[in-house]
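Below is one structure, written out as structure tokens, with a few remarks after it.
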Amino acid sequence: MSENPLPLEKENEVYSRKSWWGEVWGRLYLNKMAMAGLAILIILVLAAIFADAIAPFGYDDQNLNETFLRPSLSHLFGTDNFGRDIFSRILYGARISLTVGLFSVSISVVAGGLLGAVSAYYGHMTDNVIMRLVDVFLAIPGILLSISIASALGPGLMNMMIAVGIGSLPTYARVTRAAVLSIKEQEFIEAAVSVGASNFRVILRHILPNCLAPIIVQATLGVASAILVAASMSFIGLGLEPPTPEWGAMLSVGRPFIRDHWHIVTFPGIMIMFTIFALNVFGDGLRDALDPRLKR
């Protein structure tokens, strides 16, 4: 007989992990709305990555002889008040919006996840101090908190991502804390502690990996909220400075011309709507796929 390259326990562990993710993908694949949202997201990401090759013009190429042109074959989404091609600016703006959404959520997941995990794992006074601090942040609407932080830091891409990330941090702290509370008393955690694993190792290697399902779902839905908050901040002038294309800023610039030149604000608004829709339906489908009650 040939030797088994893996111990039986390791082989079973690898098999169970693959089968679990396979079940998740199978349930997600059967959700047509979630797959439609995923397809839209893939198209948006590819358009953002290859904007240089797809866009017919640069995002700041101005032609004052072609201002306020309606949509046509030469300018698919028309031109704005500076004669800039709106289709090209939307493609480049996808980079900004998706980057802000992903990085701000990453900040929230890392910082909020660690706070929630430490709070739930240590409990007692540590839990009270951290959660009361989180309650203070939760008492302030997320968008208002983000606007306040952005006002203090000033305009700029990094400042906007930090402001949006901090604004949604309390939500991830709460989600992670609830997940850790349901896991930390299980036998495999007690076994890790009994063999001498440090608290830091127990949290990072044993607890947080088993809390990924609710965090992933919240992060997926959180990207949609982050993009919307970033667009709102750019709309009121707290986002990126011109001429950098950002969908919320494009709405703000086109607002004075909305009566006579509808296309300037319509297409950026549609892109925001489709992106938020895709992220929400995909997040809902992912939540259903990861729901342990649906596992066979």
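Observations
- All positions within the range 243-257 that are of a type outside the set (G, A, S), more than 20 Å from A224 (Cα to Cα) and surrounded by 13 or more Cβ atoms within 10 Å (Cβ to Cβ): P243, T244, V253, F257
- Residue in the range 191-202 that is at pLDDT 85 or above and aromatic (F, W, Y) present: no
- Where helices (runs of 4 or more DSSP H) sit wholly within the range 1-107, those with at least 2 residues that are modelled with pLDDT of 90 or more occupy 32-49, 51-54.
- No other residue among A192, A213 is more than 16 Å from L98 (Cβ to Cβ), buried (at least 16 other Cβ atoms within 10 Å of the Cβ) and more than 21 Å from the chain's Cα centre (by Cα) apart from A192.
- Residue pairs meeting the criteria (Cβ under 9 Å; at least 6 apart or on separate chains; first over 20 Å from I183 (Cβ atoms), in the range 122-148; second outside any loop (DSSP other than H, G, I, E, B) and charged (D, E, K, R)): L138/R174
- Candidates G248, G239, filtered to the one that is touching a helix residue (DSSP H, G or I) at 6+ places or on another chain (Cβ under 6 Å), within 28 Å of P155 (Cα to Cα), part of a helix (DSSP H, G or I) and of a type in the set (G, A, S): G248
- Where a residue in the range 267-288 is at pLDDT below 90 and its partner, wherever it lies, is polar (S, T, N, Q) and part of a helix (DSSP H, G or I), with Cβ under 6 Å and at least six apart: G283/T220; L286/T220
- Selection over the range 103-131 of residues that are buried (at least 16 other Cβ atoms within 10 Å of the Cβ), within 30 Å of L46 (Cα to Cα) and not small (G, A, S) gives a count of 4.
The values are calculated or read from the model by the stated rules, or taken from the named source; none is laboratory data. Given the structure is predicted, the values throughout are model-derived calculations rather than measurements. Don't worry about glycine lacking a Cβ; one is built from the backbone with ideal geometry, like all the others, and counts go over all protein chains shown.
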